[in-house]
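The values are calculated or read from the model by the stated rules, or taken from the named source; none is laboratory data. Computed from a predicted structure; not experimentally measured. Please note: Cβ atoms are built from the backbone with ideal geometry, for glycine as well, and neighbour counts cover all protein chains shown. Remember, those area values only see protein heavy atoms, side chains included, never the ligands or the DNA or RNA. Shrake-Rupley method; radii C 1.70, N 1.55, O 1.52, S 1.80 Å.
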Amino acid sequence: MTWRTVLTAFARPRDRDTPRRLPGRYFGLVLIALSLSLGIYFIDQALLATGHKGTHGTLTVARCTENLHTGNSGRSTQIRGFTCSGTFRPADSAASPDPSAEFLSQSRREAGDEVAVQRDGTSYTRTGGEAAWSAVTGAFVTLITLTAGAFCLLTGFGGRWGPRFSDCWELMPSGAVLRPVFLSFAGFGVIGAVICFCLQ
C-alpha cells in the first residue's frame, strides 16, 4: 500500500471530485460580482429616492411615452412602464432649469403634473416612499443572491454536472459555523425584501 493509496482512502468526497466543482465555483464568482454591482446600484437609487444624494427639485411633466416590450413570438406586446419628460426646476433657485429632463415611471403621468425628483448628473430619479422602498427591496434581493454566490464559490454547487445541493450542504468546510451564517443572511434578505415589497 503506497502513500497515495492511503491519502485516497482518507480523502473526503469533496476533495476527490474537485474538477466537478470548478464550474460551480466560477458560477459563484460571477454571481458575487453581479450581486455586488446591483447592490451598489440599488443603494445609490435608494439614496437618491430619499434625497440623500443629488440635487432636489420638481419636474413638470410635458408628456409620457409607453415603454413597450414585444414577446419572442412577436404577437403579444406589454407595457413596461413609461418614460416621462418635461422641465426640471431645482429647489435651489440659483441653479438653472433643465427643459429636457426625463425619468422612468410605473404609471402614466398627465401633462402638467409636478413630480419630486433628484438630479444626479444627467439622470433623474423620483423621490418618495414608493421609489425608495423599491430600491431597498432590490438591495435585499441582492443580499440573497450574494449569499447564494458565496455558497457556490465555497462548495462548487451550481455546475451542470456538479454535486448535489445536499452533498454540498453536508460537506461544507466549517459547516457548523458557516451554515448558520448563510441561513441568517439569506433569511434576513428574504424577510427584508418581502417587507419592503409590501410597503411599496
| field | Whether region 109-200 is rounded, prolate or oblate, judged on the alpha carbon gyration tensor where a/c under 1.5 counts as rounded | value | prolate
| request: Evaluate the relative contact order of the chain (contact order divided by residue number), counting alpha-carbon pairs under 8 angstrom at least 6 apart; express in whole percent. | output: 28 percent
| For the charge dipole of the chain, defined by +1 on Lys and Arg C-beta atoms and -1 on Asp and Glu C-beta atoms about the Cα centroid, which residue among GLY192, GLY24, GLY39 has the Cα displaced farthest towards the positive pole? | GLY24
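Explain nothing, just the number: relative contact order of region 121-193, from Cα pairs under 8 Å at least 6 residues apart, as a whole percent.
Numbers: 43 pairs, mean separation 30.7, N = 73.
Relative contact order of region 121-193: 42 percent.
Of TRP133, TRP161, which has the most accessible area with a 1.4 Å probe, and how do the rest follow in descending order? Please report the intermediate quantities before stating the final value.
Working: TRP133 95, TRP161 195 Å².
In descending accessible area the options line up as TRP161, TRP133.
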| said: Going by Cα centres, region 77-93 and region 22-54 are how many Å apart? | reply: 25 Å
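So, with a 1.4 angstrom probe, what is the percent of accessible area on the chain that is carbon and sulfur?
Working: 7710 of 12580 Å².
Roughly 61 percent, rounded to a whole number.
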| Label selected from [x] 8, 23, 23, 19, 13, 8, 3, 2, 0; [y] 7, 26, 26, 20, 14, 6, 2, 0; [z] 9, 36, 40, 13, 1, 0, the criterion being P(r) over Cα pairs in 10 Å bins from 0, in percent as computed here | [x]
| field | Listed residue (THR147, MET172, GLN118) projecting farthest to the positive dipole end of region 72-200, Cβ model | value | MET172
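Would you mind working out the accessible area per residue for region 49-200, using a 1.4 Å probe, and quoting it in Å²?
On the way: 8990 Å² over 152 residues.
With the other protein chains kept in place, region 49-200 gives 59 Å² per residue.
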| task | Convert each backbone phi in region 179-187 into a coupling constant with the Karplus relation 6.51 cos²θ - 1.76 cosθ + 1.60 (shift: θ = phi - 60°), then list the ³J(HN,Hα) values in order as whole Hz, x for Gly and Pro. | result | 4, x, 5, 4, 5, 5, 5, 5, x
